[in-house]
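The structure under discussion appears below in the form of structure tokens.
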Amino acid sequence: MISAHLLVVFIAALVVVYAVPGPDMALVLQTSIGRGVRSGFAAAGGLGVARAVHVTLSACGVAALLRNAPWLYEIVRYGGAIYLAWVGIQIFRSPVFALPAGVPADTAASSLRASFVKGLLTNLLNPKALLFCSVLLPQFVRPEAGPVAFQMIELGVVLLLIGACFDAMYAIGAARIAGWMRAHPLAQTLQRWTFSAALIGFALRLSLD
């Protein structure tokens with residue numbers, strides 16, 4: 001069982017991390033603005049599943065494998081950079097509000113699936129997210145406090161919940177300004193260019209670090 005003091009410190013660290021702009025935040029904001037809050041939540045769901053995978057892999061020691069196998073880390077890193085760049089280009093080329101009101105149900109469902117997959121791959125193909133979990137979680141594990149596996153599960157659940165809260169906040173906040181942006185074409189263009197440039201910039205940073 002994690003002590004209350006350690007849990008508070010862990011939550012504070014997560015708040016700082018999730019508040020810093022990154023590809024996850026950019027994707028949720030863009031998706032929610034362009035396709036609505038439901039698609040924003042779908043993208044957030046994909047991010048949540050990817051984070052759960054990272055936590056599980058960290059607990060299994062896969063992150064250590066990436067650290068000790070530079071070639072494997074490079075493959076994942078460049079694959080993630082290419083995917084982020086591709087998403088950024090797709091955002092730049094597509095209209096901001098791709099799904100106006102009244103679209104067919106099958107089209108809306110397809111959009112939700114696409115948003116979920118984008119969220120999943122955006123985080124899953126980022127090896128830094130996996131290494132982040134592998135570095136952060138063990139710092140708050142105390143063997144004398146009980147089974148390490150249970151502590152990792154507890155920390156992983158907290159990480160997922162905090163991430164989901166931030167993603168939901170971003171999705172709802174972005175969707176609320178979508179109506180205003182529909183009435184301002186210039187704002188739509190700037191928004192599309194900004195998020196496209198942000199994702200491409202994150203891709204470049206991932207590939208060069």
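Please give the peptides 5-12, 151-158 ranked by average Cβ packing (other Cβ atoms within 10 Å per residue), highest first, as a rough proxy for protection.
151-158, 5-12
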Item to complete: Arrange Met25, Met1 by Cβ neighbour counts within 10 Å, fewest through most, would you?
Response: Met1, Met25
Worksheet, complete the sentence: Between the modelled labels at Leu6 and Glu74 (7 Å from Cα along Cα→Cβ) the distance in nm is 3.8 nm
Worksheet item: Measuring from label point to label point, each 7 Å out along Cα→Cβ, what is the Ile172 to Ala13 span in nm?
Response: 2.8 nm
Worksheet entry | Packing-based ranking, highest mean first, of 126-134, 32-40, 13-21 given that Cβ atoms within 10 Å are counted | 32-40, 126-134, 13-21
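Readers should treat all values here as calculations from the given coordinates under stated rules, not as data from a laboratory. Just so it is clear, the model here is predicted, and its values are computed rather than measured. Backbone-built Cβ (ideal geometry, glycine too); neighbour counts: all protein chains shown.
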